[in-house]
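The structure appears below as structure tokens.
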Amino acid sequence: MSKPRIHILALGGTIATRPDASGAMQMGLGAEDLVAAVPRLAEVADLKAETVSRVGSHSLSFDQLHALADRIRSIAADGIVVTQGTDTLEETSFLLDLLLDLDIPVIVTAAMRNPALASADGPGNLLAAVCVAGDSWVRQHARALGVVVVMLDEVYAAADVLKVHPTRLNAFAAPQTGPLAALVEGRVVPMSLPVSDAIENARRTLGTVAGDAQPVALLWMGLDESGRLIEAVLESPDHLGYRGAVLGAMGGGHLPEGTVAIAHRLATTMPVVVSPRGGGGPLLRHTYGGPSAEIALREAGLIWGGRLNPLKARVLLETCLRAKLACDRIAEVFDAFG
């Protein structure tokens, strides 16, 4: 029986670091180095390894991810594994899921602990990702699964995965849905398929996304927030270069009362998405009255982010703006997320 053909694309991140003379970890390992560290990979797949970049995920750009999506589309393989840093993995995997609609598995993985540590998880995560990419159930349901994240022997939908701790091995979770599958004894144990209606609707509406980058401000609302950052955006002749904004809102979709008027003004100049700062929705729509709660904010034209947390909402808004969608169409895309 032939082994699946898996193509590994390495971007950098903790999984690809090595110590310098001082002992500090620096980027440097490429795809071939990652493969060489896991001899068992050759037993489960025929591999090709390609180094795309050697940067931490905190330094990746939207443009780089769009170029990566183009590269993935061009590869003839039974599955793709992308290795990167964990800092923005919940964002990059979601963007790839919006851009790709393929019949082969696309897996994103990383490491929480660097190769100099005795408990480094990079080799295990890479082996798990390759096993998932080559699994028959995963390949059969690749289009329904979309882009998935594999960390610590669990498989997560890109739309739902969150980084919930800065350093622990079990830093990734999908609090709203749980994992789609788990690896046990090297085999994939399926548990569910994602509800992908919102992603599929977004892909249809977005079409081919080929526009220029569209900077989106991320403004987190907190206790007694004054709204002065919003004022700074409004007072700048070019809005500080921003073309949209995401407001990380309190509770089920609430802003401090002192920010409401200026948030309304911002929404007349650019698309403004309200997203739950608590890590994921769905937001309320028609429970609380008053100017700073969901009923009035929605009536004022602010776009409701549904179950997408602010980081993912920013990714989706940037993609919508890059695709040159009008504000009403952007609202329709977000509406499908609850």
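Values in this text are rule-based calculations from the coordinates and carry no lab data. What you are looking at is a predicted structure, and each value in this text was computed from that prediction instead of being measured. For neighbour counting, all protein chains shown are included, and Cβ atoms are generated from backbone atoms with ideal geometry for every residue, glycine included.
Remarks
- Global form of the range 22-68, assessed from the alpha-carbon gyration tensor, a/c cut-off 1.5: oblate
- Whole-Hz Karplus values for the range 113-129 come out as 10, 6, x, 7, 8, 4, 9, 4, 9, x, x, x, 5, 5, 4, 4, 5 Hz, taken residue by residue from phi with 6.51 cos²θ - 1.76 cosθ + 1.60 and θ = phi - 60°; glycine and proline positions read x.
- Those GluC sites (Glu not before Pro) in the range 150-257 that DSSP places in a loop and that have at most 16 other beta carbons within 10 Å: Glu185
- Modelled this way, with points 7 Å down the Cα-to-C-beta line, the labels at Glu43 and Asp335 are 5.3 nm from one another.
- Extension gain for Thr205 to Met191 (0.36 nm times residue separation, less C-alpha to C-alpha distance): 2.1 nm.
- Each Lys and Arg contributes +1 and each Asp and Glu -1, all at the Cβ; summed about the Cα centre of the range 5-195, the dipole is approximately 160 debye.
- The chain - share of DSSP beta bridges that are antiparallel (%, nearest 5): 35 percent
- Counting only DSSP beta bridges whose two residues both lie in the range 212-338, roughly 10 percent are antiparallel.
- Here the gap between Leu102 and Asp212, fully extended at 0.36 nm per residue and compared with their Cα-Cα distance, gives a gain of 37.2 nm.
- Anisotropy class of the range 5-195 from Cα gyration tensor, a/c 1.5 cut: rounded
- Point-charge dipole on Cβ atoms (K/R +1, D/E -1) for the chain, about Cα centre, debye to 20: 240 debye
- Only Cα sites of the chain enter the Debye sum here, all with the same form factor; the resulting log10 I(q)/I(0) across q = 0.07, 0.14, 0.15 1/Å is -0.30, -1.08, -1.19, listed in q order.
- Relative contact order (%) - criterion: Cα under 8 Å, at least six apart; region: the chain: 13 percent
- Shape call, the range 257-334: gyration tensor on alpha carbons, a/c limit 1.5: oblate
- In units of the compact-protein estimate 2.2 N^0.38 Å, the range 123-186 shows a Cα radius of gyration of 1.07.
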